[in-house]
Amino acid sequence: MKLLEEKILAEGHALDENILKVDSFINHKVDPQLMKEIGKEFAEHFKNQGITKVITIESSGIAPALTTAIEMNIPLVILKKQPSQVLNQDLYHTEVASFTKGTSYELTLSMHQIDENDHVLIIDDFLANGEAATGALRLIRKAHATIAGIGVLIEKAFQPGRSKLEEQMIPVYSLARISKLGKDLIEFVSEHQE
Ligand code: 5GP
């Protein structure tokens, strides 16, 4: 998606060869107009597939997942990282390794929000090693729902997330595919490399 690639080049900062900082439009401050366009793009790509819910992981996936859910006119379900005082019963749990923090966290889904009648679309900000997406898939499978695919804003194509998901026959659609990061360097996968 040209708009997102332009924004990444204008405002993204590669911290090193592995991490891209996008705090000024995705992770901290959010660009609502960009999120609106992203929602339209995902809704168009995944249309006519009988998708019943959009699923995301708190917190950076929420903005694009919400605009996607609005465009598709279906509910959004947010997988929770923190145990809650209110939401602490009837939960599916799974453990996920955090890419940015180097630790692991527990991801939960209420048994009341997704069931075997659902066909879901996962939306997240980044795809790196695919741990977050794989954790989300485990929870969705525990709920006996089916998976239409995964949409991510930024795929770091030099990391193994896509292949892990495609091995499980999960369609992956990413709006910007980065082939290389380095100090002051951001390169996208060119069309002939795809
Ligand atoms: P994965 O589970 O695919 O290894 O990593 C995905 C999660 O880690 C994303 O939801 C995102 O929050 C975080 N992440 C992975 N790579 C980056 C990155 O380069 N920059 C930022 N800001 N977050 C990242």
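Checked against (1) surrounded by fewer than 20 Cβ atoms within 10 Å (Cβ to Cβ); (2) part of a strand (DSSP E or B), Leu121 passes all but a single condition, namely (1). For Pro64, the stated conditions hold: it is of a type outside the set (A, V, I, L, M, F, W, C), surrounded by 14 or more Cβ atoms within 10 Å (Cβ to Cβ) and under 29 Å from Leu185 (Cα atoms).
Look at Ile51 and say whether it is in a loop (DSSP other than H, G, I, E, B), within 16 Å of Leu121 (Cα to Cα) and touching a Lys or Arg at 6+ places or on another chain (Cβ under 7 Å). Explain how you work it out, then say what you get.
Working: in a loop (DSSP other than H, G, I, E, B): yes; within 16 Å of Leu121 (Cα to Cα): yes; touching a Lys or Arg at 6+ places or on another chain (Cβ under 7 Å): no.
Considered against the rule, which asks whether it is in a loop (DSSP other than H, G, I, E, B), within 16 Å of Leu121 (Cα to Cα) and touching a Lys or Arg at 6+ places or on another chain (Cβ under 7 Å), Ile51 comes out as no.
Inspect region 165-188 for any residue being of a type in the set (Ser, Thr, Tyr) and touching a helix residue (DSSP H, G or I) at 6+ places or on another chain (Cβ under 6 Å) and give the result as yes or no. Please lay out each step first, then the result.
Here is the first cut: in region 165-188, the residues of a type in the set (Ser, Thr, Tyr) are 173-174, 179.
Subset that is touching a helix residue (DSSP H, G or I) at 6+ places or on another chain (Cβ under 6 Å): 173.
Yes - at least one qualifying residue is present in region 165-188.
Just one residue in the set Ala65, Ala143 is in contact with a Ser or Thr (Cβ under 7 Å, 6 or more places away or on another chain) and not acidic (Asp, Glu); that residue is Ala65. Within region 157-166, not a single residue is more than 14 Å from the ligand (Cβ to nearest atom) and either under 25 Å from Thr52 (Cα atoms) or of a type in the set (A, V, I, L, M) (or both). Residue count for region 106-118 satisfying the condition of being surrounded by 14 or more Cβ atoms within 10 Å (Cβ to Cβ) and either in contact (Cβ under 8 Å) with a residue 24 or more places away in the chain or under 16 Å from the mean Cα position of the chain (by Cα) (or both): 7. Restricting the first member to region 172-194 and to residues that are more than 12 Å from Lys156 (Cβ to Cβ) and surrounded by 15 or more Cβ atoms within 10 Å (Cβ to Cβ), and the second to residues that are at pLDDT 95 or above and of a type in the set (Val, Ile, Thr), the beta-carbon pairs closer than 6 Å and six or more apart or on different chains are Val172/Ile150.
Identify, please: which residue in region 25-48 is assigned to a loop (DSSP other than H, G, I, E, B) and among the basic types (Lys, Arg) and is, among those, farthest from the ligand (Cβ to nearest atom)? Step through it out loud before you land on a result.
The first filter runs over region 25-48 and keeps only residues assigned to a loop (DSSP other than H, G, I, E, B), leaving 28-31, 46-48.
Filter again for among the basic types (Lys, Arg), leaving 29, 47.
Numbers: Lys29: 13, Lys47: 24 Å.
Within region 25-48, the match that is farthest from the ligand (Cβ to nearest atom) is Lys47.
Note on region 9-24: residues that are more than 11 Å from the ligand (Cβ to nearest atom) and either within 20 Å of the chain's Cα centre (by Cα) or under 13 Å from Ile154 (Cβ atoms) (or both) amount to 3.
The values are calculated or read from the model by the stated rules, or taken from the named source; none is laboratory data. Not measured: the values here are computed from a predicted model. As a convention, Cβ positions derive from the backbone with ideal geometry for all residues, glycine included, and neighbour counts pool all protein chains shown.
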